[in-house]
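The numbers here are math on the coordinates, done by the rules we state, and not lab data. No experiment lies behind these values; they were computed from the predicted model shown. We place every Cβ from the backbone using ideal geometry, glycine too, and count neighbours over all the protein chains shown.
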Amino acid sequence: MSPTDAPVESAAVALRDVSMAFGGKTVLASVSLDIAPGSVVALLGANGAGKSTLIKILSGVHTEHGGQVSVNGVPAALHSPLAARQLGIQTVHQRIGEGIVPGLSVAENLVFEELAQARGNPFRGGRRLLARAREIQSALDLGWSDAVLRRDVTELGISDRQLLILARALATRPRLLVLDEPTSALSAAEAERLFALVERMRSEGIAVLYVSHRLGEIDALADRLVVLRDGRLTEDQVKPFDWDSALRAMLAQAQETTTARPRRTGEQGEVVLSLRGVPLLAGHPPQDLDLRTGEVTGVVGLLGAGKTELARGLFGAEPFTGGAVELDGKPYEPRRPADAIRGGIHLVPEDRHTDALVPGWSVAQNISLPFLRSLSTVGLVSRSKEDALGRATIEQLGVVARDEHSPVEELSGGNQQKVVVGRWLAENPRVLILDEPFRGVDIGARRDIGRRARALAAEGAAVLVLSADVDEVLEIADRVVVLAAGEIRLDAYGEDAERDRVIQTISASV
Amino acid sequence: MTTTQSTSVPTAAPSAAAVGHRIQNAVIKYGFIFVTVTLFAYFAISEPSFRDSATLLDTLRYVSVAAILGLGVTLTMAVGGMDMSVGAVAGLGVTVAAKTMVTYNQVGTVAILAVVAAGALAGLLNALLIVVLKIPDMLATLGTMFVIQGTKLILVDGQSITPGMTQSDGTTAPGRFTEGFLRIDRGTFLGIPGSVLIFGALTVVAWVFLARTRWGRVLYAIGANPEASRLAGIRVGAYRALAYVLSGVLASIGGLILASRIGQGDVSAGTSQLLEAVAVALVGTSVLGRGRPNVWGTALGAVLIGIITTGLTIEGLPYYTQDVVEGAVLILALVFSFTLSKRRTA
């Protein structure tokens, strides 16, 4: 893993000590990587590891970065998306919709970049346009007839759209193609077509940076894999891959100093929530799970394992599609979050900005939102009660804020997260669900939140923590559940849930 | 409690930039109030008749309908929406009032109930389109605006209803606008016109509702982040529907005042109120630099537009220049609330 000092002559694209910081927070720290022509390099990393920042640097979106990017051994100035494309770096983004222009035909979309650059005759005839589109389709073997090319692009299915965007990128004969989660919206059969295209690129000498969390695909496609964690490249392997080691690099802390908490193994609390035959992901077998009082259950799994589906289902945000759930032995079918809250089931959602915080509001107002009723008399909100609740939460969780009236945007990420957690502690939950509670949260805040969650369990609540980070879960949980492809692969307490076993269970399900 | 690695709020150093910043903040916050007070002083000095309390009350009376409609618009803006049908609903109120009293010979109280019921119904229709059928608010209410205006015409066979008119079946209309009903706008209490009192009372009620109750708080939460509101256990659809129904009711109250003022079922009544109501609510968002719809802002915006139009009329500006002036005021307000406040956060 020791980076060579000079870029390898033959590298299609070489990164040297590329770094980037946002508002003092380092998101990429001295990343060096050579991507050889005709090779497929897989980039792995948990959310927030810096993958999207790296992609944005390569595609010319983030321009204020440190270090150097070279294309074919020549230092490159990626000062705009157009500049990146002209230098031969094409990026296909995760959201397919972003690249498609509805209302235009398939052919027009295929040659869109040439159209958009508007050189030559603006009234360029449809015949020539179609001819160019035909050329692209036959060169890439897309199997699209003229009838398909003339269709409106919105008539294409999702996989054909994906193919179209890839074809458009390839038509420019790029040196490096960056594919960001290209199969996230595709079925297995549709993904096969994509893989065939990737194979083709490799044989034509195009370098591919393949970003995905689907380990099976990487195993089949990639020649080499690198892992990004906390902005650093922590792993660099060539085929055959050692998945244990890759997952360790991706999901676990760098040092093995995680102090496992004393885990409760003997006496068990009562079952609060019990799931029977609940499908977590469509098309995957239904699952059973019991949550008990007095313990913290940690659910680990990669992105797409069904963690968020479990959390949102229990909270009624996206009801389960089948099976039965019981709360204290009685049927529990939350159809909306209000039902769950009434039953004492609270959720700290995965994304605090889109799903929890109200921008422009104070800390106290953000805390009081779900339980305004108990702060009001005849509908009038008592400011003094609200402020007292805000101060109590600030005190209890150690929120760093000027006072309870500070706008919530002024707080750091970790303190904002504490506000969201504190909101749900205002009225004692029977079950507290924390979905990725430590994302973008500093160590101090993580410790404070973890301590509070453990205290809540000790008071008799059931706490459910969902995370892709093995060590985060081991740090806080009494019991560890491993989820992969919507199935529970491991459910163990204390000693039985040691780090290696958890990681092996995840990698075994690749 | 121990905490580590947290950002502290930087203490402001008094630099030239900071002073400039503060001036800009003051302009955003008090700019509009300053404009209002300055204009008021100017008119008061240059035109003695402007100082007359009767003129002032007339001004308030003149703006009361647009202001009340604007309160409804403010409620829908709080949930992140817009109600373009308020003018039409007010017009419907005029027709329903006339129809109830003149054609069906009912007393004023019945007319009032009928008008408010019609307003609530119109609000429910908007709620159905926006909340259940998921049509964008602006388009949905634009649609209902036309439907309501059309319904109103069908209701009266396209004619204005006047007391003593000959009806389509050849008979004479039996009823008339009752004395009590006419006093809504024309009557006074302690020298203050009824419509001004209603405007004042509704402003206070709407302010308490929106700024002090948990329901108002929830409306603002929905406007600021609907998904977070849903995940906080709020029935987002029900509250958005509530905002539109309340807006419909407020618009119908505006219609009652209008009917009382005109004293007949004028089919064209209310149409001109829409843009004024929307303008008033938008001006309101810029008042005090809050950058969000608020009741005092809307009321103050209405008063400001009233002062400007009355003042300019007294100054001798022809009535047909009024639209240009009101439009300019609206654009100025939008500059305050969008352009300037955006720059502040950037």
For a distance above 20 Å, tell me the whole-number percent of Cα pairs in the stretch A:100-173 that qualify.
20 percent
Anyone know which of B:Thr100, B:Thr321, B:Thr55 comes out most mobile in the 10 Å Cα GNM of chain B?
B:Thr321
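How big is the dipole moment of chain B about its Cα centre under a simple scheme where the beta carbon of each Lys and Arg is +1, that of each Asp and Glu is -1, and everything else is neutral? Debye, nearest 20, please. Let's see the in-between values first.
Working: 22 positive and 15 negative charges, 267 e Å.
Approximately 1280 debye in magnitude.
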Where is the GNM fluctuation largest for chain B (alpha-carbon springs, 10 angstrom cutoff): B:Phe34, B:Phe199, B:Phe50?
B:Phe34
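Taking other Cβ within 10 Å of each residue's Cβ, how do A:Leu149, B:Leu153 sort, fewest first?
Values: A:Leu149 20, B:Leu153 14.
By the 10 Å Cβ count, ascending, the order reads B:Leu153, A:Leu149.
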Cβ-based exposure ranking for A:Leu164, A:Leu456, in which fewest neighbours within 10 Å come first
A:Leu456, A:Leu164
Of B:Asn294, B:Gly327, B:Gly216, whose Cα points farthest to the positive end of the dipole of the stretch B:196-336 (charges on the beta-carbon: +1 Lys, Arg; -1 Asp, Glu; origin at the Cα centre)?
B:Gly216
The farthest towards the positive end of the charge dipole of chain A, of the residues A:Pro286, A:Ile35, A:Leu233, given +1 on Cβ of Lys and Arg and -1 on Cβ of Asp and Glu, is A:Ile35
Select from B:Val156, B:Val94, B:Val283 the residue whose mean-square fluctuation is largest in a Gaussian network model of chain B (Cα-Cα springs shorter than 10 Å).
B:Val156
Tell me, A:Glu181, A:Glu472 in order of fewest to most beta-carbon neighbours within 10 Å?
A:Glu181, A:Glu472
For the residue pair A:Arg501 and A:Val101, what label-to-label distance in nm results when each label sits 7 Å from Cα along the Cα-to-beta-carbon direction?
5.8 nm
Just to confirm my numbers, what's the Cα centroid distance between the stretch A:321-392 and the stretch B:132-208 in Å?
41 Å
The simple spin-label model distance between A:Glu64 and B:Lys134, using points 7 Å out along Cα→Cβ, in nm, is 3.9 nm
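Looking at the protein assembly as shown only, what percent of DSSP beta bridges run antiparallel? Nearest 5 please.
Within the protein assembly as shown, antiparallel bridges account for around 55 percent of the total.
Quick one: dipole size for chain A, taken about the Cα centre, charges +1 on Lys/Arg Cβ and -1 on Asp/Glu Cβ, in debye to the nearest 20. Present the calculation step by step, with values, prior to reporting the outcome.
Values: 57 positive and 68 negative charges, 253 e Å.
Dipole magnitude for chain A comes out near 1220 debye.
Relative to 2.2 N^0.38 Å, what does the C-alpha radius of gyration of the stretch A:271-508 come to as a ratio? Two decimals please. Write down the numbers at each step before the final one.
Working: Rg = 17.6 Å, N = 238, 2.2 N^0.38 = 17.6 Å.
This ratio for the stretch A:271-508 stands at 1.00.
Work out which helices of chain B, taken as complete DSSP H runs, extend at least 27 Å along their axis over the Cα atoms and score a mean Kyte-Doolittle of -0.5 or more, then list them.
Working: long enough: B:16-46 (39 Å, 1.17); B:53-78 (34 Å, 1.33); B:108-127 (28 Å, 1.97); B:236-262 (39 Å, 1.43); B:295-314 (29 Å, 1.81).
The answer, listed by residue number, is B:16-46, B:53-78, B:108-127, B:236-262, B:295-314.
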If R0 = 60 Å, then A:Arg173 and B:Ser268, at their Cβ-Cβ distance, give a FRET efficiency to the nearest 0.05 of 0.35
Kirkwood Rh, the stretch B:65-341, all Cα pairs: how many Å?
19.2 Å
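Pop the C-beta distance of B:Glu47 and A:Thr354 into the FRET formula with R0 = 60 Å and round what comes out to the nearest 0.05. Walk me through the numbers on the way to the answer.
Working: r = 54 Å, r/R0 = 0.90.
For B:Glu47 and A:Thr354, the calculated efficiency is 0.65.
Tally the DSSP beta bridges in chain A and give the antiparallel ones as a percent, rounded to 5. Intermediate values should be presented prior to the final figure.
On the way: 41 of 76 bridges.
Here the share of antiparallel DSSP bridges comes out near 55 percent.
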State the answer as a single residue: which of B:Ile23, B:Thr55, B:Ala44 lies farthest towards the positive end of the charge dipole of the stretch B:13-104, with beta carbon charges of +1 for Lys and Arg and -1 for Asp and Glu, about the Cα centre.
B:Ile23
The protein assembly as shown, convex hull of Cα, quarter of hull surface, nm² -> 45.4 nm²
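At 222 nm, what value in deg cm²/dmol follows for the protein assembly as shown if DSSP H runs of at least 4 each add -39500 (n - 2.57) and the sum is divided by all its residues, to the nearest 500? Can you show the working numbers first?
Numbers: 33 runs with 402 residues, N = 856.
Calculated from helices alone, the mean residue ellipticity at 222 nm is -14500 deg cm²/dmol.
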Nearest 20 debye, what's the magnitude of the dipole of the protein assembly as shown about its Cα centre given +1 on Lys and Arg Cβ and -1 on Asp and Glu Cβ?
1760 debye
Tell me, what is the FRET efficiency for A:Gln268 and B:Phe146 to the nearest 0.05, using R0 = 51 angstrom and their Cβ-Cβ distance as r?
0.20
Enter the angle in degrees (range 0 to 90, nearest 10) between the Cα long axis of helix A:443-458 and the first principal axis of the Cα atoms of chain A, meaning the one along which they spread out most.
40 degrees
